[in-house]
Amino acid sequence: MDSHLQIKKDSLLQIQNGETVPRSVIPCLTFDRFAELLDAFVKNNGFIVQLFAFVEDGKNKLLAVVRNENLYVLATEVGESFPSLTASTSPRFHMFEREIAEQYGITPKDHPWLKMVRYHANYRQAADVFGNDYSEDIPGNYPYFQVEGEAIHEVAVGPVHAGIIEPGHFRFQCAGEEVFSLEIQLGYQHRGVERMLTEVPFKRLTVLCENIAGDTSIGHNLCCCQALEALGGLSVDPGARTVRSIALELERLANHIGDLGALSGDVAFNPPAAYFGRLRGEFLNLLQVLCGNRFGKSLVLPGGISQIMTGEQAKIIGDKLKELEPEITNVCDLLFTAHTVQARFENTGTVSKQMAADLGLVGYCGRASGLEYDVRVAFPNEAYSSLHANRNEMVAGDVYSRATVRREEIMHSMHLIRTLLNRKGEPCAKMTMHEFTLAPESFVVTLNEGWRGEVSHCLLTDKDGRIERYKIKDPSFHNWTGLAMSLRNQEISDFPLCNKSFNLSYCGFDL
Amino acid sequence: MLKIIKNRVEQGCKTTSYPKEPIHLYKRFRGLPRINADCDPAVIRQCAAICPQDAIYCAEKKIDLGKCTFCGRCENVADGAFVTFSQEFGMGASTREALVSDGSLPALAEHSKQHFKKLFGRSLQLRQISAAGCNSCEADTNVLNTPFFDLARFGIDFVASPRHADGIHVTGPISKNMKAALIATFDAVPSPKVVIASGACAISGGAFYGSPEIVGDLNSIVPVDLYIPGCPPHPLTTLHALLHYFK
């Protein structure tokens, strides 16, 4: 055990990103003390990374991972209910508490918005908090928020949408064109991933994590592999760390570029939409050059990578970047200087800094509203501790800001990849998937800055080193509420634009 | 305006000349597997044991492309002694059985329903249903509308309403929570209609096989006409399948 893991029975325990911690040293406090500490922490600019329920020795427990400039963990025991922290402290807890209610049938009392999250029976076969009968179709007992009045009308969209898009249901309460309220109901993509991860053979773990959200395959699988490496005591070659970082940046590039194109299409400015659409594919092809799959699936394995990057692949990537960078610069210039585009992007879908902080937004959605948090800077792993960061100046919180952050990050990511490609001669062995033993009675949390923001996985092992609880958090878990808030008092016709500026994951949320 | 013209000149024409001219993918791409039937059974068992999808059948010396995610572990573990993945991206099949492959697939064009060619050969409108996958199948289907592939030049379009569609294109393992919406969408498409199962998830549950939260086999709910394997299928795999099945 590291010396900094001092057992402080009555306080937060500071931990590191991707560090194995014995479960016995995690402070398990009374609920009152747990709530008191979290209340003080959150009100003092602290944010929630994970908050979830699990069962230990037949008792219901909650475990929280929180962050300011450091990471901390703490736990508490609860019975069948506990006083809601959403009600007493901050809306930052609201989705986490709904998830606890759904997954373990534990009621957060006085929760102001206690609705199902994904629509499935709880893991304990306990009485259902929402009064649902799960043999009935989604959404079951789900009272939608309604605005009443003579001029009010309701618009319902989904789950099947008018494009090639994932399913989700949206309810707008409108007066004419103006949206008063948007309620987003998800769960259609629920596949039971968290539970599967505790039940399937070891060899399936990475394949499942790559498919939590295909556009974040690298981000999610990195979280999984780093956690397994920590629990198994595996070291990773510097060369493999470099390639994993390149892959994470390629994933970011492909998605940011595709989204700028889609934003352009949503304001009916077709040339950049077509160009960015094609350019996005170029970056997916570079991931295919690295590992044979356009989404980077199969690349990352516990202990390293499945295929090493030789000079040949490095040259293909380097040459392609050299070819594409001026094109991207020019198409960005075309998009961002068009007056019609500016008129639609500016002051649309604004999320104030206060609102973003209240909701705990992460990634570019948070950064566009002035929350600087970036896992690559705050809790760096892989090759990031030696790389410089991007700091965006545009923090108005509107569509224009979110698009500008993406534009800056595109340029920044290309620079990072060039830097990483110059690191030649680092040792890097090819890995194959093999089973190894995990530290028993242990806990680990891993964080990575996926292209949408903070991706985090949390693992608890039992006395035999089996995974007893696997908790996943996609950045979309924080940010969907941000999208709903950004639509208030907007024209309903701006919904596609706002939606694309967030571009959140349905499957990453639904798990 | 000048910027638009300048960018237009710089971008040029990027549309591929496929299928008039062949297209070659980079050597690391994993397409149709080649199988060495003379391989030592112990090696085959080793490959089957490491396969995360349990897609390798030792006795038959076959690999189930409906389950396979093309992760390449079976090739890596034995240095290609049993399986090597070729760069052949054309992998569509008209029956589920054909996907259990000894390294070859029946020619798709000869196995398609001939009235489909007559009905939809010049114009095919599809309604896409995303049913609990990971969104990479959807992403690589969307890519077909970008200038490089330009799907519309073949008379094939993805449309916004099932009422306007000739069939459905389904991705994902079909969660319980999407089953009703999928059936409603299928019912809303006028007959005669086509059903396409795209990606390992829609065919067999893919990475999620065994989960109690999914249906895991599109054919168990609606009759599938065309199977497109992959995780996700490469855009060229989808394009190849659509052109060979309907043209």
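The table below gives the values:
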| read-out | value |
| --- | --- |
| Segment A:99-114 residues that are assigned by TED's automatic domain parsing to the domain that holds A:Phe54, paired with ones that are assigned to a strand (DSSP E or B) and among the β-branched types (Val, Ile, Thr) (beta carbon under 8 Å, 6 or more apart) | A:Ala101/A:Thr107; A:Tyr104/A:Val55; A:Ile106/A:Val78; A:Leu114/A:Thr107 |
| Residue match in segment A:171-189 (condition: in contact with a Cys (Cβ under 8 Å, 6 or more places away or on another chain) and surrounded by 14 or more Cβ atoms within 10 Å (Cβ to Cβ)) | yes |
| Number of the condition not met by B:Asn76 [criteria: (1) without any contact (Cβ under 8 Å) to a residue 40 or more places away in the chain; (2) in a loop (DSSP other than H, G, I, E, B)] | (2) |
| Scan of segment B:109-148 for residues that are crowded, with 22+ Cβ neighbours inside 10 Å, at pLDDT below 90 and within 14 Å of chain A (Cβ to nearest Cβ), ordered by number | B:Gly133, B:Thr146 |
| Selection within segment B:163-180 - surrounded by fewer than 22 Cβ atoms within 10 Å (Cβ to Cβ) and at the interface with another protein chain (Cβ under 10 Å from one of its Cβ atoms) | B:Lys179, B:Ala180 |
| Only one of B:Ala78, B:Ala42 that is over 26 Å from B:Cys201 (Cβ atoms) and at pLDDT 90 or above | B:Ala42 |
| Flag if A:Ala403 is in a loop (DSSP other than H, G, I, E, B) and in the same structural domain as A:Asp374 (by TED's automatic domain parsing) | no |
| Test: B:Leu2 is within 21 Å of the chain's Cα centre (by Cα) and either closer than 28 Å to A:Thr206 by Cα or within 11 Å of chain A (Cβ to nearest Cβ) (or both) | no |
| Residues being within 14 Å of chain A (Cβ to nearest Cβ) and of a type in the set (Asp, Glu) - total across segment B:34-57 | 1 |
| Residues being surrounded by fewer than 17 Cβ atoms within 10 Å (Cβ to Cβ), more than 18 Å from B:Thr69 (Cα to Cα) and either in the same structural domain as B:Pro223 (by TED's automatic domain parsing) or not hydroxyl-bearing (Ser, Thr, Tyr) (or both) - total across segment B:94-108 | 2 |
| Residues that are closer than 12 Å to A:Gly363 by Cβ and either in contact with a strand residue (DSSP E or B) (Cβ under 9 Å, 6 or more places away or on another chain) or assigned to a loop (DSSP other than H, G, I, E, B) (or both), drawn from segment A:474-507 | A:Asp474, A:Pro475, A:Ser476, A:His478, A:Asn479, A:Asn503, A:Leu504, A:Ser505 |
| Top-ranked residue of segment B:20-34 - restricted to ones that are basic (Lys, Arg) and loosely packed, with under 13 Cβ neighbours inside 10 Å, ranked as nearest to B:Cys68 (Cα to Cα) | B:Lys27 |
| Any hit, segment A:409-429, residues being touching a Cys at 6+ places or on another chain (Cβ under 6 Å) and in contact (Cβ under 8 Å) with a residue 24 or more places away in the chain | no |
| The listed residue being among the acidic types (Asp, Glu), out of contact with any helix residue (DSSP H, G or I) (no Cβ under 7 Å at 6 or more places or on another chain) and touching a residue at least 12 places away in the same chain (Cβ under 8 Å), out of A:Asp266, A:Asp259, A:Asp237 | A:Asp237 |
| Subset of segment B:136-180 (residues that are assigned to a helix (DSSP H, G or I) and touching a His at 6+ places or on another chain (Cβ under 6 Å)) | B:Asn177 |
| Meets criteria (closer than 16 Å to A:Leu511 by Cβ and either in contact with a helix residue (DSSP H, G or I) (Cβ under 7 Å, 6 or more places away or on another chain) or modelled with pLDDT of 95 or more (or both)) for A:Cys225 | no |
| Test result for B:Ala184, in a helix (DSSP H, G or I) and within 11 Å of chain A (Cβ to nearest Cβ) | yes |
| Residue within segment B:12-24 that is basic (Lys, Arg) and within 13 Å of another protein chain (Cβ to nearest Cβ) present | yes |
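Rundown of residues vs (1) within 12 Å of chain B (Cβ to nearest Cβ); (2) over 16 Å from A:Asp333 (Cα atoms), yes/no style:
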site	(1), (2)
A:Pro238	no, yes
A:Arg241	no, yes
A:Ile246	no, yes
A:Glu249	no, yes
A:Asn270	yes, no
A:Asn285	yes, yes
A:Leu290	yes, yes
A:Asn293	yes, yes
A:Lys297	yes, yes
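Every residue, every condition in (1) among the charged types (D, E, K, R); (2) in contact with a Lys or Arg (Cβ under 7 Å, 6 or more places away or on another chain); (3) under 15 Å from A:Pro302 (Cβ atoms); (4) crowded, with 21+ Cβ neighbours inside 10 Å, yes or no:
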| residue | (1), (2), (3), (4) |
| --- | --- |
| A:Cys225 | no, no, yes, yes |
| A:Thr242 | no, yes, no, yes |
| A:Ser245 | no, no, no, yes |
| A:Arg252 | yes, no, no, yes |
| A:Asp259 | yes, yes, no, yes |
| A:Gly265 | no, no, no, no |
| A:Ala268 | no, no, no, no |
| A:Tyr275 | no, no, no, yes |
| A:Arg280 | yes, no, no, yes |
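Let's see how each residue does on (1) free of Cβ contacts under 8 Å to residues at least 24 places away in the same chain; (2) not assigned by TED's automatic domain parsing to the domain that holds A:Val377:
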| position | (1), (2) |
| --- | --- |
| A:Val160 | yes, yes |
| A:His169 | no, yes |
| A:Val179 | no, yes |
| A:Thr198 | no, no |
| A:Leu208 | yes, no |
| A:Ala213 | no, no |
| A:Gly232 | no, no |
| A:Ala247 | no, no |
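Residue by residue, here is whether (1) within 9 Å of chain A (Cβ to nearest Cβ); (2) touching a Cys at 6+ places or on another chain (Cβ under 9 Å) holds:
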{"site": "B:Gly206", "(1), (2)": "yes, yes"}
{"site": "B:Asn219", "(1), (2)": "no, no"}
{"site": "B:Cys231", "(1), (2)": "yes, yes"}
{"site": "B:Pro235", "(1), (2)": "yes, no"}
{"site": "B:Leu239", "(1), (2)": "no, no"}
{"site": "B:Tyr245", "(1), (2)": "no, no"}
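The values are calculated or read from the model by the stated rules, or taken from the named source; none is laboratory data. Please read all numbers here as calculations on a predicted model, not as lab measurements. Here the Cβ is made from the backbone with ideal geometry for all residues, glycine too, and neighbour counts use every protein chain on show.
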